[in-house]
Structure formats: C-alpha cells, structure tokens
Amino acid sequence: MKTDPLWVKHIVEGNIDEILTDHAYCEQKAASSAISLIVQFPEYPDLVSKMADLAQEEMGHFRMVHKKIVERGYELGRERKDSYVNELVKFIRVKGKGKEESLADKLLFAAMIEARSCERFKVLSENISDKDLADFYHKLMISEARHYTMFLKLARELCPNVDIDKRWEDFLEYEGEVISNYGKSETVHG
C-alpha cells in the first residue's frame, strides 16, 4: 500500500520538528538492529561485515538528521514508541524455530522496515515544499532502497532452506494490512 501524498501536506509540513525527531530515532534503532544481528549471528562473517558497515552508516544518518534539527532551531525530542514496528514484530515466527528460520525472519523484518522507509522518503521528497528537505529525503530514499535489497539478498544467500520469496510475499501482504492503519501521524512510519 502506498502512502497518500496528502500525509506530507496535512501532517508532515506542520510538524517538521516532530518528523525529524522521529526520523533521527529510526536511524538510531536501525544502527542498534544491525548490531543486534552481529551479536545474535556472529557465525556469518559476511553478515557481520555488512552489519558493521550498516551500523556506521545508520549512525551517520542519525548525525545528518540531528544536524537538520539543530540548523532549524529545533531540539531532539524524546524517543517515540513505533507502533508500526511493534505490529510488524507480530509477523515474526515464534520461538522454537531453527536458527536459519530465525535469521531469515529477522533479515526480512529489517528489509520490510527499510522498504517502508524508502517508500515514505520517496513520498516526502516528491511532495514536501521545503526544497532542502526534498533533496535530503531523496538521497536517503536511495540509501534505504540499497539497504532493503541488501537484507533480501542476505536472506536468500544465508538461508537456503527457507523459501524466502514465499515468506517475503506473505510478509508484504501482512504489512499491507498493518500500514493501512498508519499515515495519520507525524512519524516516519505512523
């Protein structure tokens, strides 16, 4: 499901400080998630290497967003609960599954969040009247696209005994239902 461009006009543009704060914490959480994958799956050297790079890149994005906050005279607010992400967690398989299935689900979960962020940044870059933020979100959209495709590729390479394409299609269907309840608040995923 695509984000209605009116989200930008009716919600984002009147709440730039809120969107930027939420976005900063999304980047911090993405870095933390990459580190968690290293801790949980250290036996995969390619995964560890890619997640170490990703954690640094995501913290670089955090710094970039924080710089925008400061330049505009705002302050980094408190971290917000991300209800969208909490809804996505419900799709992840329950404990008791094998390590490969667990890795597959965590990689697909990360891919899904990056894919939705990419879509939201595209909508922002194409519809926000602030030229500086339009350019900023266009650049970040490209990074998010690279990230979500990296996670899908890793899932296919590292989890050969899991039907990644089928699991991804099921996850996309689930996420489509979840996201239909969002796009009404001043958060990246909300």
Shape category assigned to the chain from the gyration tensor of Cα positions, a/c cut at 1.5: prolate
Residue-wise HN-Hα coupling along the range 85-90, computed from phi with Karplus coefficients 6.51, -1.76, 1.60 (Hz; x: Gly, Pro): 5, 4, 5, 5, 4, 5
Among GLU114, GLU57, GLU177: highest mean-square fluctuation, GNM of the chain, C-alpha pairs under 10 Å: GLU177
Estimated 222 nm signal from helices in the chain, with DSSP H stretches of n ≥ 4 weighted -39500 (n - 2.57), rounded to 500: -24000 deg cm²/dmol
Fully extended contour minus Cα-Cα distance, from LYS68 to VAL48, at 0.36 nm per residue: 4.2 nm
Restraint check, LYS67/LYS166; LYS131/LYS153; LYS90/LYS153; LYS2/LYS90, Cα-Cα greater than 29 Å: LYS67/LYS166; LYS131/LYS153
Rounded to whole Hz, the Karplus (6.51, -1.76, 1.60) HN-Hα couplings of the range 138-152, x for glycine and proline: 5, 5, 5, 4, 5, 5, 4, 4, 5, 5, 5, 6, 4, 5, 5
Mean projection area, nm², convex hull over Cα of the range 98-190: 6.3 nm²
GNM flexibility winner over the chain from MET64, MET51, MET112 (Cα, springs under 10 Å): MET64
Ordering of 116-126, 2-12, 146-156 by burial proxy (mean other Cβ atoms within 10 Å per residue, highest first): 116-126, 146-156, 2-12
Highest-fluctuation residue, GLU18, GLU173, GLU58 considered, GNM on the chain with Cα pairs under 10 Å: GLU173
Simple label model, 7 Å out from Cα along Cβ direction - VAL89 to LYS131, nm: 4.3 nm
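Readers should treat all values here as calculations from the given coordinates under stated rules, not as data from a laboratory. Since the model is a prediction, treat every value here as computed from it, not as a measurement. Cβ sites come from the backbone with ideal geometry, for glycine too, and all protein chains shown count toward neighbours.
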